[in-house]
Amino acid sequence: MNSTNEHFRPVALQHACRLINHGPTVLVTSAHDGRRNVMAAAWSMPVEFTPPRVAVVIDKHTFTRELVAASGVFGLCIPSVSFVDTTYAVGSESGRSVDKFARHQLVARPGPVLGVPLLETGCAAWLECRLIPEAHTEDAYDTCFGEVVAAAADERIFSGGHWQFGDDNKALHTIHHLGGGNFVSAGASFRAAQP
Ligand SMILES: Cc1cc2nc3c(=O)[nH]c(=O)nc-3n(C[C@H](O)[C@H](O)[C@H](O)COP(=O)(O)O)c2cc1C
């Protein structure tokens, strides 16, 4: 399986937050000291425009959290409809005792700036992020903040700085968790009238 997807194109940092603006379930990727991991996260959002910054909830008890804290970096990969089973699987097991990349035959490419493992096969986009050290996160909260340093998306579903959800690319639509392994996919987009 290829680690890169020929349809992926860089996304300008000014548009990177649009990749998660609509609340897709993401895959948080991480690596440190020869170990790597991936988990699902339903809770992520943009929090700053310039530089682009994001928040993602990563439970303190997860192996992901351990790797992200140790490495200071993480990836947010945005799975498509076609990847829903894998997404649910990697969100239902811990990487502490198993290499989920090997178990699910996931092949990552290194991020262009920080070398974070990033998934393109099965995903519509990714954001490579540097963890922002935050005392409250270290002490009490599960919310982690990151600065986006690079982003890319499949041009068949994100182009011109916008998602292009249509009937012709349904397998690439993003997925949104309803709880308990139930998901909805992004539907067709439509535009509000000019105020
Ligand atoms: C669809 C889905 C969404 C999830 N969303 C979150 C989330 O937003 N934050 C979180 O900490 N855990 C979330 N989880 C749970 C983690 O993915 C789960 O604890 C995972 O096993 C952690 O793996 P790790 O120990 O290998 O890091 C979600 C699980 C699923 C299936």
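Brief remarks on what is shown
- Rounded FRET efficiency, nearest 0.05, which uses the C-beta distance separating Ala171 from Gln194 and R0 of 45 Å: 0.90
- When peptides 55-64, 102-111, 37-46, 132-141 are sorted by average Cβ neighbour count within 10 Å, with the highest value leading, the order is 37-46, 55-64, 102-111, 132-141.
- Surface composition of the range 8-185: carbon and sulfur make up 52 percent of the accessible area, probe 1.4 Å.
- Per residue value of the accessible surface for the chain (all protein chains in place, 1.4 Å probe), Å²: 51 Å²
- Taking label positions 7 Å along the Cα-Cβ direction at both Asp85 and Trp43, the computed distance is 3.0 nm, reported to one decimal.
- Ranked by the mean number of other Cβ atoms within 10 Å of their residues, highest first, the peptides 11-21, 91-101 fall in the order 11-21, 91-101.
- Global form of the range 75-159, assessed from the alpha-carbon gyration tensor, a/c cut-off 1.5: oblate
- Taking Cβ atoms as reference points and 15 Å as the exclusive limit, the residues near Ala153 contribute a net charge of -1, counting Lys and Arg as +1 and Asp and Glu as -1.
The values are calculated or read from the model by the stated rules, or taken from the named source; none is laboratory data. Keep in mind that this is a model prediction, so the values were computed, not measured. Please note: Cβ atoms are built from the backbone with ideal geometry, for glycine as well, and neighbour counts cover all protein chains shown. SASA here: full protein model, heavy atoms, side chains in, ligands and nucleic acids out. Shrake-Rupley method; radii C 1.70, N 1.55, O 1.52, S 1.80 Å.
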